[in-house]
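In what follows, a structure is listed as structure tokens, so that the remarks can point back to it.
The values are calculated or read from the model by the stated rules, or taken from the named source; none is laboratory data. No experiment lies behind these values; they were computed from the predicted model shown. Cβ placement follows ideal geometry from the backbone for every residue including glycine, while neighbour counts extend to all protein chains displayed. Quick note on the areas: whole protein, heavy atoms, side chains included, nothing else; ligands and nucleic acids left out. Shrake-Rupley method; radii C 1.70, N 1.55, O 1.52, S 1.80 Å.
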Amino acid sequence: MSTQDLNRLGPGEAAYAAFLSPKGHLLGEGHVLRRPEEVLVALEPAAGSGTRAHLEKLVIMDDVEFDDLSATLRALPVFGPDALARSAGAGGGAPRVATHRRGAPCVELWVPEAEAEAVR
């Protein structure tokens, strides 16, 4: 129930996606990042619980666990056409997601909250 074919994403790849109800109503939208052992979905906080509840209903036979990391991760934007290069040394192994969501070239670093201020 996504506007993207998320199965095509390889580890480390991200896509912008919307999550929809069976009738096509928007539940939430944001970035989906595939990692080797997990998938991270960054949604606006107001859309988190409704989108999660909907996705949980769709899991039938797979071994899936949903965790809310909103209290532990922070998205730190790095703006500009050279954002990827400028963010290369920041945040250690923090996930990086390229986005134009804010109207400009940007890379978001998803870092643990405890490290966010130092990385900033």
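Remark: the chain carries a charge dipole of roughly 480 debye about the Cα centre, counting +1 on each Lys and Arg Cβ and -1 on each Asp and Glu Cβ.
Helix 45-58 and the longest principal axis of the Cα set of the chain meet at an angle near 40°. Both numbers refer to the Cα atoms of segment 33-99; Rg and Dmax are 14.7, 43 Å.
If you plug the beta carbon distance of A15 and L84 into 1/(1 + (r/R0)^6) with R0 = 25 Å, you get a FRET efficiency near 0.90. With kT/(6 pi eta Rh) evaluated at 20 °C and eta = 1.002 mPa s, and Rh the Kirkwood radius from Cα pairs, segment 61-113 diffuses with a coefficient of 175 µm²/s according to Stokes-Einstein. Judged by the gyration tensor of its Cα atoms, with axes a ≥ b ≥ c, segment 1-44 is prolate; a/c meets the 1.5 cut and a/b is the larger of a/b and b/c. In this view, the solvent-accessible surface of F66, computed with a 1.4 Å probe and all protein chains in place, comes to about 60 Å².
With an a/c value of 1.5 or above and a/b not larger than b/c for the gyration tensor axes a ≥ b ≥ c computed over the alpha-carbon atoms, segment 25-70 is described as oblate. Please report, to two decimal places, log10 I(q)/I(0) for the chain at q = 0.10, 0.17 Å⁻¹ as given by the Debye formula with identical point scatterers on the Cα atoms and no solvent. Calculated log10 I(q)/I(0) at the listed q: -0.32, -0.92. Report the relative contact order of the chain, percent, no decimals, based on alpha-carbon pairs under 8 angstrom and at least 6 residues apart. Across the chain, relative contact order equals 18 percent.
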